[in-house]
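The values are calculated or read from the model by the stated rules, or taken from the named source; none is laboratory data. These numbers were taken from a predicted model, which means no experiment stands behind them. So basically every Cβ, Gly included, is an ideal-geometry build from the backbone, and we count neighbours across all protein chains shown. The accessibility values were calculated without ligands, DNA or RNA, using every heavy atom of the protein model including side chains. Shrake-Rupley method; radii C 1.70, N 1.55, O 1.52, S 1.80 Å.
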Amino acid sequence: MRSVAANKFDLNSASLVQVASRITEPYKRREIVYRVTHASEPIADVLPNDRRQTLVPSTDDPRTGTLTVKTAGPLVGEEGPETVDPAYLAPNALITSKDSDVASLARRAVGDQKDPWRKATAIQLWVFQNIRKKNFETAFAAASEVARDLEGDCTEHAVLTAAMCRSQGIPARVVVGLLYDEPHSGFGFHMWNEVYVNRRWVALDSAWDQTDVDAVHIKLSDSSLEGVAPYETFLSVVRVLNKLQVEPIEIR
């Protein structure tokens, strides 16, 4: 979780969604059902459905519903199309997958692995282990900068992971969402990744060393980051700022 901008606006603190019921051992949870409510918008316009999370809006009030979030590995669920939007493989201003440093790090991380999922998990682990200076000082750096400096927070982990995966021919995107912050008993802003393997978008989180992303990661949006100004990425967070209520009702 991170501070978004160089203007010292701490989006993580500002966006923290407090919950009444504490989630114990949150990062071990593989399925949680939440009651979710938005103050003014239909909840289906705010929270997406995908393989990891399923939203069922209330028939009485479209602003509320139940959201089931669960771990979904690379073989879970129905297969998708054989190919995806080329933007998820192409370099752009933030996902600089053609950068020589990024490509070199990716080759180092994957070694002689051939399987796309094994490559992706090797990259995830390498980024987790090698971005050792964890800080909130960098304002959404491009992957080429992260590859040189090896520092930053979740956004730097995410852009570098996406770029390294794309350099190895693995479609990748960033995910913007909320992550449970155990010390504060609430949800704050976070960014992680999804890679397209086995004809499925599969989540992984190099900031938290997760290839089986837990049920306290709640997705708000995803992006290839093509043609997107850095802070446009966080509009989905602004949309729920001080407006979203999240309460766990079944924890498994």
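Compared with the dominant Cα axis of the chain, that is its longest principal axis, helix 100-110 is turned about 80°. Charges were assigned to the Cβ only: +1 to each Lys and Arg, -1 to each Asp and Glu. The resulting dipole of the chain about its Cα centre is roughly 400 debye.
Pairs exceeding a 25 Å alpha-carbon distance, out of Lys70/Lys114; Lys70/Lys119; Lys219/Lys243: Lys70/Lys114. Using the Cα gyration tensor of segment 125-240, with a ≥ b ≥ c the square roots of its eigenvalues, what is the shape: rounded (a/c below 1.5), prolate (a/b larger than b/c) or oblate (neither)? Rounded is the answer for segment 125-240, as its axis ratio a/c remains below 1.5. Annotation for segment 115-220: GluC sites (Glu not before Pro) lying in DSSP loop with at most 16 further Cβ atoms inside 10 Å of their Cβ are Glu137. Remark: accessible surface ordering of Asp60, Asp153 (largest first) is Asp60, Asp153, probe radius 1.4 Å. The stretch between Lys114 and Ser100 holds 3.0 nm of extra length on full extension. This uses 0.36 nm per residue minus the Cα-Cα distance. Each stretch of four or more DSSP H residues adds -39500 (n - 2.57); spread over every residue of the chain, this sum gives -6500 deg cm²/dmol at 222 nm. Computed from Cα positions, the angle between helix 154-167 and the longest principal axis of the chain comes to roughly 50 degrees. Alpha carbon centre of segment 154-226 versus segment 34-110: separation in Å? Centre-to-centre (Cα) distance: 8 Å. Taking a straight line from the alpha carbon of Lys133, these lysines sit under 23 Å away, with near neighbours fewer than eight places off in the same chain left out: Lys8. What the Cβ-Cβ distance of Ala93 and Gln129 gives, at R0 = 22 Å and to the nearest 0.05, is a FRET efficiency of 0.25. Taking a ≥ b ≥ c as the square roots of the eigenvalues of the Cα gyration tensor of segment 202-252, is the shape rounded (a/c under 1.5), prolate (a/b larger than b/c) or oblate? Cα axes put segment 202-252 in the oblate bin. Comparing Ala158, Ala106, Gly186 along the charge dipole axis of segment 92-201, the residue lying farthest to the positive side is Ala106, per the Cβ-charge model.
Residues of segment 18-46 falling in the label zone of Val228, defined by backbone nitrogen less than 14 Å from a point 7 Å along Cα to beta-carbon, are absent. By the gyration tensor of its Cα atoms, with a ≥ b ≥ c the square roots of the eigenvalues, what is the shape of segment 51-208: rounded for a/c under 1.5, prolate for a/b over b/c, or oblate? Oblate is the answer for segment 51-208, as a/c is 1.5 or above yet b/c matches or exceeds a/b.
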